[in-house]
Amino acid sequence: MTTSQALDVRAHINGRKMSGYQWLLLILCFMIVATDGMDVAIMGFLAPDITREWSISRAAFGVVMSAAPLGLAIGALLVGPMSDRFGRKKLLMVSVAWFGILSLISAASTNVVELSALRFLTGLGLGAAMPNTTTLLSEYVPERSRSTLLAIMFTGFNLGSALVGFGAAAILPHYGWRMVLVAGGLIPLICLPFYLWLVPESVRFLVVRKFPSERIGRTLSRVVGGSFGTDQPFTISEPQVTGSQPGKILLSGAYRKTTLSLWGTYFMGLLVIYLLSGWLPTLIKDAGLPIERAANITALFQLGGTVGALVVGYFMDRMSPNKVIGFAYVAGAVFILLVASGSVTSGMFAAYVLLAGFCMSGAQTGMNAFAPSCYPTVVRATGVSWMQGIGRFGSILGSFAGGLLLSLGWTFSSVLAVLAIPATLAAIIIVLSTYGQNKTAVAS
């Protein structure tokens with residue numbers, strides 16, 4: 001009696017062309033990330049109408065703006081270890097249902113306390129969705145094009161954030177801010193049945209958790225291709241890790257420097273992006289433009305990020321990823337200064353906003369594509385989600401700081417100009433990161 005040779009799942013995926021189902025999975029993850037991006041960005045476009053209707057200050061509304069990012073941070077920190085234990089798909093489906101339902105409920109808010117609490121709960125689901133889509137797709141695509149494909153997926157976030165801006169501009173004058181929240185909740189819930197039907201569990205997770213060979217083979221054949229017997233053994237060629245607690249593994253000697261550099265860079269990047277995208281509509285409106293025009297200009301920031309993500313991802317697959325990301329952050333700092341020094345009525349103002357989004361959101365998306373390559377399967381979801389969770393505290397600071405600085409009388413230019421500092425710090429941290437010490441060992 002002979003025993004079949006174990007099939008290396010990683011080598012099998014890397015050795016084949018992208019199947020139709022892998023492209024379908026990319027589209028499904030793109031759609032999930034797009035609805036996530038819509039809900040994350042939605043409050044920035046609703047702030048002027050809500051503050052006027054409820055007669056509250058911008059500083060008071062800053063609590064609402066920071067509530068969802070706080071939920072995002074906690075959701076991301078919680079979901080990583082759970083995903084590494086229970087599976088990527090289960091946590092992803094729960095998160096989509098969660099933030100869709102909570103967005104609908106948020107539309108019935110009558111005061112700042114209610115809206116803040118509901119936005120926090122919405123954030124828990126939003127924070128769980130992003131790391132799971134990142135991890136799931138990264139474990140199904142060939143490594144040679146992983147950064148590009150993950151960047152394509154993450155353009156969904158930028159596109160969703162931009163679409164909600166255009167949608168808000170169309171809906172607000174006729175139906176009010178509550179209807180924008182209703183639309184933001186209905187879209188993911190309508191899509192959920194298709195996700196449940198079509199999104200597979202990660203085959204690498206199935207191998208690591210020692211699921212039956214028959215299920216592993218069936219899933220791998222369905223998504224990637226190939227024919228396998230019911231008794232075919234499977235394995236993954238990646239380094240073994242010691243210890244059962246993901247947090248300790250991430251901060252162990254082998255991964256500590258990489259983990260801390262990911263956290264620091266992601267924190268700085270989100271601080272810039274959230275303050276800029278969250279408060280730019282209000283700042284532009286204060287400068288004399290109508291809210292519809294302010295929403296459209298801010299949407300250009302997200303559209304620029306959509307293209308920037310693709311460009312950054314393309315070069316990450318061909319050059320040193322951390323240096324590509326660092327260069328994008330530095331360029332982002334330059335265009336932020338140009339935005340700060342320009343007039344909203346200038347013909348170049350919208351172009352500077354577009355280019356700032358191209359660089360900053362492009363770099364931030366590059367971080368999401370970069371992180372999965374730094375960790376093995378057994379702790380990958382935790383590594384990705386904790387980077388996003390720790391980084392979310394930067395978005396909380398950015399959301400809150402915008403309202404605080406405006407209430408202290410800071411000018412349009414000074415609020416924006418100060419953002420060049422964290423953008424530059426993000427570049428320095430990632431360029432000086434220790435990427436490379438784990439790439440040969442992990443690269444999975």
Phi to ³J(HN,Hα) by Karplus 6.51 cos²θ - 1.76 cosθ + 1.60 over the range 73-90, Hz, x for Gly, Pro
4, 5, x, 5, 5, 6, 6, x, x, 5, 5, 5, 9, 9, x, 6, 5, 4
Translational diffusion coefficient, Stokes-Einstein: compute it for the range 251-378 using the Kirkwood radius over C-alpha pairs as Rh, at 37 °C and 0.692 mPa s, and state it as an integer in µm² s⁻¹.
213
Kindly identify the range 95-179 as rounded, prolate or oblate by the Cα gyration tensor criterion: order the square roots of the eigenvalues as a ≥ b ≥ c, call it rounded if a/c is under 1.5, otherwise compare a/b with b/c, prolate if a/b is larger, else oblate.
oblate
Taking square-rooted eigenvalues a ≥ b ≥ c of the alpha carbon gyration tensor, is the range 17-56 rounded, prolate or oblate, where a/c under 1.5 means rounded and, failing that, a/b exceeding b/c means prolate?
prolate
For the range 213-293, with +1 on Lys and Arg beta carbons and -1 on Asp and Glu, the positive-most of Ala287, Ile216, Phe267 along the dipole
Phe267
Length-normalised contact order of the range 237-349 in % [C-alpha pairs under 8 Å, at least 6 apart]
13
Along the principal axes of its C-alpha atoms, what lengths does the range 262-324 span, in descending order and rounded to whole Å?
44, 24, 11
Determine, from the Cβ-Cβ distance of Arg209 and Val307 and an R0 of 22 Å, the FRET efficiency 1/(1 + (r/R0)^6), rounded to the nearest 0.05.
0.05
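With all protein chains present, how much of the accessible area of the range 328-398 (probe radius 1.4 Å) comes from carbon and sulfur, to the nearest whole percent?
Values: 1350 of 1680 Å².
Here carbon and sulfur together make up 80 percent of the probe-accessible area.
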Residue-wise, which Karplus ³J(HN,Hα) couplings in Hz belong to the range 30-40, taking 6.51 cos²θ - 1.76 cosθ + 1.60, θ = phi - 60°, and x for glycine or proline?
4, 5, 5, 5, 5, 5, 4, x, 4, 6, 5
May I ask for the equivalent-ellipsoid semi-axes of the range 137-282, computed as the square root of five times each C-alpha gyration tensor eigenvalue and listed largest first in whole Å?
38, 25, 13
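Among rounded, prolate and oblate, which fits the range 198-297 when a ≥ b ≥ c are the square roots of the eigenvalues of its C-alpha gyration tensor, a/c under 1.5 means rounded, and a/b larger than b/c means prolate?
Values: a/c = 5.32, a/b = 1.90, b/c = 2.81.
Judged from the Cα gyration tensor, the range 198-297 comes out oblate (a/c at least 1.5, b/c at or above a/b).
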Under the definition of Cα pairs under 8 Å and six or more residues apart, what whole-number percent is the relative contact order of the range 108-247?
17
Beyond 29 Å between alpha-carbons counts as too far, so tell me which of Lys89/Lys323; Lys90/Lys323; Lys17/Lys210 fall in that bin.
Lys89/Lys323; Lys90/Lys323
Compare the Cα positions of Gly62, Leu126, Ala170 along the charge dipole of the range 41-180 (+1 at Cβ of Lys, Arg; -1 at Cβ of Asp, Glu; about the Cα centre) and return the one farthest towards the positive end.
Leu126
Nonlocal amide H pairs with Phe234, under 5 Å, H built at 1.01 Å:
Leu7
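May I ask you to derive the relative contact order of the chain, considering only C-alpha pairs under 8 Å and at least 6 residues apart, and to give it as an integer percent?
So the answer I get is 26 percent.
Would you mind getting the accessible area per residue of the chain, heavy atoms of the protein chains only, 1.4 Å probe, in Å²?
Values: 16560 Å² over 444 residues.
Result: 37 Å² of accessible area for each residue.
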Taking the alpha-carbon centroid of each part, what is the distance from the range 259-283 to the range 356-407 in angstrom?
7
What Kirkwood Rh does the chain have if only Cα atoms enter the pairwise 1/r average? Answer in Å.
21.8
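At a 1.4 Å probe, what is the % contribution of carbon and sulfur to the accessible area of the range 255-312? Walk me through the numbers on the way to the answer.
On the way: 1150 of 1720 Å².
Carbon and sulfur atoms account for 67 percent of the accessible area of the range 255-312.
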Heavy-atom accessible area with a 1.4 angstrom probe orders Glu143, Glu201, Glu292, most exposed first, as Glu292, Glu143, Glu201
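Counting other Cβ atoms within 10 Å, which trypsin sites (Lys or Arg not before Pro) in the range 281-385 have at most 14 and lie in a DSSP loop?
Numbers: sites: Lys285, Arg293, Arg318, Lys323, Arg380; in loops: Arg318.
The qualifying sites are Arg318.
Compare Thr35, Thr235 by solvent-accessible area with a 1.4 Å probe and give them largest first, with all protein chains kept in place.
Working: Thr35 10, Thr235 60 Å².
Solvent-accessible surface, decreasing: Thr235, Thr35.
Keeping every protein chain in place, order Glu238, Glu139, Glu114 by accessible area at 1.4 Å, biggest value first, i.e. largest first. Provide the component values of the computation, followed by the final result.
Values: Glu238 30, Glu139 0, Glu114 75 Å².
The most accessible residue leads, giving Glu114, Glu238, Glu139.
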Rounded to whole angstroms and listed largest first, the alpha-carbon spread of the range 167-209 along its three principal axes comes to 52, 16, 13
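Summarise the accessible area of the range 67-169 (1.4 Å probe, protein heavy atoms) by the percent that is carbon and sulfur.
On the way: 2250 of 2830 Å².
After summing per-atom areas, the C and S share lands at 79 percent.
The values are calculated or read from the model by the stated rules, or taken from the named source; none is laboratory data. No experiment lies behind these values; they were computed from the predicted model shown. Here the Cβ is made from the backbone with ideal geometry for all residues, glycine too, and neighbour counts use every protein chain on show. Side chains are part of the model used for accessible areas, which takes the heavy atoms of the whole protein and leaves out ligands, DNA and RNA. Shrake-Rupley method; radii C 1.70, N 1.55, O 1.52, S 1.80 Å.
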